[in-house]
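These notes concern the structure reproduced below.
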Amino acid sequence: MSFDPQAVRAFEHAGWQQAALHYAATFAHATVGFVDALLDAARIEAGARIESAARVLDLACGTGVVSAAAAGRRAQPVGLDFAAAMLGMARAAHPGIRCVEADAEALPFAGASFDAAVSNFGVHHFPDPVRALTEARRVLRPGGRIAFTSWAAPAENIAWRLLFDAIGAHGDPHAATTPLSGGGLRTPADLLRVLDAAGFAEAEAHRVSGEWRFAAAGDLLEGFRRGTARTAALIEAQPAAALPAIAAAIARDLGAFRCAEGYAVPTVAILGLGARPCLAELTNDEPPQCGYATENGESL
C-alpha cells in the first residue's frame with residue numbers, strides 16, 4: 001500500500017467526527033494529564049496581565065481542553081480543528097473560546113499572528129506533519145514557540161501493549177484496512193526530525209510520563225473504541241466472536257494497575273518544542289524582532 005495523503009485526511013476526518021461525542025468521557029482521560037507540561041513548554045505562564053496575554057493557536061484542538069487550560073492561564077487561545085463535530089463539542093463546553101474549522105496544513109491566518117502554538121496528540125494524525133509545522137511556524141511571531149505531544153511507541157505504553165497483545169492472541173492484528181499514516185512520531189528523534197525540517201530553532205524533544213486513570217477494566221477497551229480513530233478502526237475490524245476474549249485478556253492483565261479509584265495505567269508521551277527563528281524569512285508585514293506580537297492579520 002502506498003502513502004496517500006488525501007486518503008489519510010479523509011480517514012482521520014471521518015474517525016474524529018465519529019469519536020467527538022464520546023471523546024471527553026473516554027480517551028480524553030489519557031491525554032489531559034499532559035496539558036500542563038505542554039503549556040509550560042510553550043511558555044504560556046499563569047497569571048499574565050491581560051494586555052500582555054499570549055495569543056495561542058491550539059492545533060487539532062478537539063473538544064477544547066488545551067484551549068480552556070490556556071485561557072485559565074489568561075492567554076488568548078484560538079482552537080482549530082478540521083472536524084466540525086469536535087468543534088461543536090468544544091464550543092458547547094467552552095463558549096467563550098474562539099474555535100475555527102480549518103486544515104492545519106493550510107492555516108487561515110496571516111504571518112506572525114500568534115505568540116505560541118500547541119498541539120496535544122494532534123500532529124501525528126496530520127497527513128504531512130512537516131507541512132503542518134511549517135504552517136505553524138509561518139503564523140508564529142519571530143521567537144514564538146511551538147510545543148506538541150505524540151505518543152511513544154506501543155512498546156513503551158502499557159495501554160496500547162495490553163490492547164495489541166490481546167488482539168494478537170485472540171483476534172486479527174491485520175484486520176483493519178486503514179491508510180498508511182503520515183505520522184510515525186514515536187521517539188524524540190522523530191520529533192526533532194520534523195521540527196528541523198519545518199525550520200524551527202532551539203528544538204528539543206523528550207519523554208514525559210503520565211497516567212491514564214479509569215474506573216472499570218472495560219474502560220480501556222471502550223476508550224480506544226469510542227475515543228480514537230485509527231485504533232478504533234482496528235478494534236471495529238475484529239471478528240465479533242473475538243471481542244469478548246480480547247476484553248477478558250485486557251481485564252486480566254490490568255490487575256497489576258489497580259488503585260483505590262479503579263485503575264491507573266502509566267503512559268509515555270514525547271514532547272517536542274521549538275521556536276521560530278527571530279530573523280529568518282521575515283516579510284514586510286512581520287515584526288523584525290523577537291518578543292513582539294503583531295496586530296496584523298485576522299482578528300483574534
Restricting to segment 163-191, what's the tally of residues that are within 22 Å of the chain's Cα centre (by Cα), buried (at least 19 other Cβ atoms within 10 Å of the Cβ) and assigned to a helix (DSSP H, G or I)? 3
Quick one: what pairs do we get from segment 255-284, first residue surrounded by fewer than 16 Cβ atoms within 10 Å (Cβ to Cβ) and modelled with pLDDT of 95 or more, second hydrophobic (A, V, I, L, M, F, W, C) and in a strand (DSSP E or B), C-beta under 6 Å, 6+ apart or different chains? Gly262/Phe214
Only unsatisfied item for Glu12, checking (1) of a type in the set (Asp, Glu); (2) without any contact (Cβ under 8 Å) to a residue 40 or more places away in the chain; (3) over 19 Å from Ala269 (Cα atoms), is (2)
Please go through segment 192-204 and pick out each residue that is among the acidic types (Asp, Glu) and part of a helix (DSSP H, G or I). Asp196
Would you mind finding the one in Ala53, Ala24 that is small (Gly, Ala, Ser), in contact with a Ser or Thr (Cβ under 7 Å, 6 or more places away or on another chain) and surrounded by 15 or more Cβ atoms within 10 Å (Cβ to Cβ)? Ala24
Exactly one of Leu133, Leu195, Leu185, Leu140 is touching a residue at least 24 places away in the same chain (Cβ under 8 Å), aliphatic (A, V, I, L, M) and closer than 24 Å to Gly223 by Cα, and that residue is Leu185
Return the only residue of Ala10, Ala48, Ala14 being of a type in the set (Gly, Ala, Ser), modelled with pLDDT under 95 and surrounded by fewer than 17 Cβ atoms within 10 Å (Cβ to Cβ). Ala48
Tell me, yes or no, whether segment 143-161 has at least one residue that is farther than 30 Å from Pro244 by Cβ, modelled with pLDDT of 95 or more and β-branched (Val, Ile, Thr). yes
Which one of Asp36, Asp58 is at negative phi, surrounded by fewer than 20 Cβ atoms within 10 Å (Cβ to Cβ), modelled with pLDDT of 95 or more and acidic (Asp, Glu)? Asp36
Out of all the residues in segment 210-236, which are small (Gly, Ala, Ser), free of Cβ contacts under 8 Å to residues at least 60 places away in the same chain and either within 20 Å of Ala269 (Cα to Cα) or in a loop (DSSP other than H, G, I, E, B) (or both)? Ala215, Ala216, Ala217
Mind counting the residues in segment 223-246 that are within 18 Å of the chain's Cα centre (by Cα) and among the acidic types (Asp, Glu)? 0
Single unsatisfied condition, Arg131 versus (1) crowded, with 23+ Cβ neighbours inside 10 Å; (2) in contact with an Asp or Glu (Cβ under 6 Å, 6 or more places away or on another chain): (1)
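The values are calculated or read from the model by the stated rules, or taken from the named source; none is laboratory data. Only a predicted model underlies this, so the values are computations on that prediction, with no experimental measurement involved. Don't worry about glycine lacking a Cβ; one is built from the backbone with ideal geometry, like all the others, and counts go over all protein chains shown.
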